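Student: Pasting a structure here, questions to come.
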Amino acid sequence: MKRIDELKAGVAVIILNEENQVLLQRRADVGLWGIPSGHIEIGETVSEAAIREVKEETNLDIRIKKLIGIYSDPNSQVFAYPNGKVVHFITTCFLAEVTGGELRCNSDESLDIKFFGQQKLPQDLLRMHPRWLKDALAKREMAFIR
């Protein structure tokens, strides 16, 4: 196994619009497209972190509909940042619906944000995010543990 500098708890939120398109953000830190996601802060629940991260990154208010899964496999959850830091994430992924707000890049963490058709996802997508999206669309009641 390669060097890992940190272990972090993260959240990711899959949001689909009325046309079943998925909301993605182009991340400022790596320049790639991905599902809105971030870190859980000390004293925060996973659902509070998910709601906060979506608001910070997209300006949207959400309601969590269900847990999609918990992802911890180092083969997919170890991420190397451009500055050389390597982080192993344990990510809780949710499906959510928009309850308010107006879509816009709401922080310096996002370069762009928009909805994409499920068959027209950008090629430069973070490598673990297609699995999360596939799991979200699986119409399975039980959460995935991967």
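Student: Using unit Cβ charges (K, R positive; D, E negative) and no other charged atoms, how large, in debye to the nearest 20, is the dipole of the stretch 88-139 about its Cα centre?
Tutor: That gives a dipole near 340 debye.
Student: Given charges of +1 on the Cβ of Lys and Arg and -1 on the Cβ of Asp and Glu, with all other atoms neutral, how large is the dipole of the stretch 6-145 about its Cα centre, in debye to the nearest 20?
Tutor: The dipole magnitude comes to about 480 debye.
Student: So what's the chain giving for Cα Rg divided by 2.2 N^0.38 Å, two decimals?
Tutor: The chain yields a ratio of 0.98.
Student: Something else now. Between Val46, Val78, Val30, which gets the highest mean-square fluctuation from a Gaussian network model of the chain, Cα cutoff 10 Å?
Tutor: Val30
Student: Mind grabbing the base-10 log of I(q)/I(0) for the stretch 1-79 at q = 0.14, 0.17, 0.19, 0.26 Å⁻¹? Debye formula, identical points on the C-alpha positions, no solvent, two decimal places.
Tutor: After summing over all Cα pairs, the log10 values are -0.52, -0.77, -0.95, -1.49.
Student: Separate question: With unit charges on the beta carbons (Lys and Arg positive, Asp and Glu negative) and the dipole taken about the Cα centre of the stretch 25-132, which residue among Ile42, Leu126, Gly101 sits farthest to the positive side?
Tutor: Farthest towards the positive end: Leu126.
Student: In deg cm²/dmol and to the nearest 500, what is the mean residue ellipticity at 222 nm of the chain if only DSSP H runs of at least 4 residues count, each as -39500 (n - 2.57), divided by the residue total?
Tutor: Mean residue ellipticity at 222 nm (helix-derived): -4500 deg cm²/dmol.
Student: Check the straight Cα-Cα distances from Lys85 and name the lysines below 23 Å, setting aside those fewer than 8 residues away within the same chain.
Tutor: Lys2, Lys8
Student: Whole Å is fine, so just give me how far the alpha carbon centre of the stretch 125-146 lies from that of the stretch 46-106.
Tutor: If you average the Cα positions of each part, the centres end up 13 Å apart.
Student: Okay, moving on. Given the chain, what percent of its DSSP beta bridges are antiparallel, to the nearest 5?
Tutor: 65 percent
Student: Find the Rg to Rh ratio for the stretch 36-97, where Rh is the Kirkwood radius over alpha-carbon pairs and Rg uses the same atoms.
Tutor: Rg/Rh for the stretch 36-97 comes to 0.99.
Student: Amide H to amide H under 5 Å from Ile62: which residues, 5+ apart in sequence or cross-chain, H placed 1.01 Å off N in plane?
Tutor: Thr99
Student: Still on this structure: Which GluC sites (Glu not before Pro) in the stretch 13-101 pass both tests, a DSSP loop state and at most 11 other beta-carbon atoms within 10 Å?
Tutor: In loop regions of the stretch 13-101 (DSSP not H, G, I, E or B), the sparsely surrounded GluC sites (Glu not before Pro) are Glu18, Glu19, Glu41.
No value in this document is a laboratory result; all are computed from the given coordinates. Every value quoted in this text rests on a predicted model; they were computed, and no experiment measured them. Neighbour counts are summed over all protein chains in view; Cβ atoms, including those assigned to glycine, are modelled from backbone coordinates with ideal geometry.
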